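Trainee: Following this message is one structure expressed as structure tokens.
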Amino acid sequence: MMANGVPARRFGQVLARGMLLAFALSGCEARSSDRDAASWDQYIQVMDDALTRGDLNAAEMARQEAVLAARASRRWDAMTAVGDASARLMRSPGASPALGAEARRIYRWALFRARQQGSLEGVVRVSEAFIELDDREAARDGLAMATAMLTGGEAHDDADRVKALSDRLDDQARPPEESIADIGTPPAATTTWIR
């Protein structure tokens, strides 16, 4: 324990996050005039750099900071980018199995933000991400939102994209077709007589 009662481990985590923030803000040039957008984007870049080095701890810390910055931005595209980053980290060898649920949660936030902001593009984009995570239920929720947005007259230009999403979900829901060769010959029938 430290003198003021803060455990040394917690102090180290806070210090590491502060250093990560300083690194992100000093070493990465903002790609947008929106300060919130720049920060989540920078944290994702720091996460990707850490993944390249094989440093999963630093990658996870940067991902968590990206989540906070994206939530503060209130933008669907920020949450979607962080969801994508979480999915990349999830696929890394040695990553926590809990990242799958975390990516789904982040994409849910993105989906509802896109709907609130009237972004059909965002709703479809997030629904496609759910398909990639093999979460057809959430993708169908997104499809229902997108269809409602179309029928509400908000975005008639994107009807083809919504149709493509629907077709993709239908294709995944169909069981693979069996050929006659796959089925094989049924075993010979046997009769058992009981007296």
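Trainee: Please enumerate the residues belonging to region 74-103 that are surrounded by fewer than 22 Cβ atoms within 10 Å (Cβ to Cβ) and closer than 20 Å to residue 121 by Cβ.
Mentor: Answer for region 74-103, where residues must be surrounded by fewer than 22 Cβ atoms within 10 Å (Cβ to Cβ) and closer than 20 Å to residue 121 by Cβ: 74, 75, 77, 81, 84, 87.
Trainee: Next question. Specify which of the listed residues (74, 88, 63) is at positive phi, touching a residue at least 24 places away in the same chain (Cβ under 8 Å) and not assigned by TED's automatic domain parsing to the domain that holds residue 130.
Mentor: Being at positive phi, touching a residue at least 24 places away in the same chain (Cβ under 8 Å) and not assigned by TED's automatic domain parsing to the domain that holds residue 130 holds for just one of 74, 88, 63, which is 74.
Trainee: Which pairs have Cβ atoms under 7 Å, sit 6 or more apart or on different chains, and link a residue in region 131-145 that is over 16 Å from residue 90 (Cβ atoms) to one that is among the aromatic types (Phe, Trp, Tyr) and in a helix (DSSP H, G or I)?
Mentor: 139/130; 142/130
The values are calculated or read from the model by the stated rules, or taken from the named source; none is laboratory data. Owing to the predicted nature of the structure, the values given are computational and were not obtained by experimental measurement. Note that each Cβ is placed from the backbone with ideal geometry, even for glycine, and that neighbours are counted across all protein chains shown.
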